[in-house]
């Protein structure tokens, strides 16, 4: 396992923060400063600021109904974060498939790297479902364009739509940054509300806003 992934799983840091910790000399493997990308073996002793860090033996996964106005990162840079909704004991968990600040709904958080990879890697094509409200009625010709594929700056975006007028259920298997919003915006529509209700086999159900449920 690469050192930055090991640190992320052991501490809850992002991989970017883990890379920064390595560059700052805060990380050691068997008493030596590692190189970027170095592999960690099961027999290695890894320390952060001279304290041993280890991978979690037991994994925890929770489902959170994220409110609008919260960001899915540890440093909100002035904004509220999803960690403000959780007790300190759950702060090592990391979001899987983020929602932007203006979106709400199902957010999975876990320290299970295998589960996170299965849910997010493109080869598994996990389905995500959103309830979307637009600022104006969607023209039928534009609906067909979206279902056939809209070219964005980072590639083609294809969404499956059911609904009418301004209210739509959007189903997709990709997960690029603000993809749903950018797809509609490309045709002149603004998304007023975006609420995720399903991700793979996980359903939001009746869980209240800002509430969470520990799944394991």
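Where a number appears in this text, it was derived from the coordinates with a stated rule and is not lab data. Keep in mind the model is a prediction, meaning the values are calculated, not measured. Note that we place each Cβ from the backbone using ideal geometry, even for glycine, and neighbour counts take in every protein chain shown.
So here's what we get for this one:
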quantity	calculated
Between the range 41-71 and the range 148-182, the Cα center-to-center distance that results, in Å	32 Å
Choice from 43, 165, 114 with maximal GNM fluctuation in the chain (Cα, 10 Å cutoff)	43
Cα-based shape type of the range 127-199, given that a ≥ b ≥ c are square roots of the gyration tensor eigenvalues and the cut on a/c is 1.5	rounded
Estimated FRET transfer efficiency (residue 203, residue 118; beta-carbon r; R0 22 Å; 0.05)	0.85
CD proxy at 222 nm, helix term only [per DSSP H run n ≥ 4: -39500 (n - 2.57); per residue of the chain; nearest 500]	-5500 deg cm²/dmol
Per-selection Rg to Rh, the range 42-141 - Cα, Kirkwood hydrodynamic radius	1.08
Mean separation of Cα contacts under 8 Å (6+ apart) over length of the chain, as relative contact order %	21 percent
Distance histogram in 10 Å bins (all Cα pairs of the range 3-53, percent per bin)	30, 65, 5
Rel. contact order, % - alpha carbon contacts under 8 angstrom, at least six apart, the range 81-179	24 percent
Normalised contact order of the range 127-199, rounded percent, pairs of Cα under 8 Å and 6 or more residues apart	50 percent
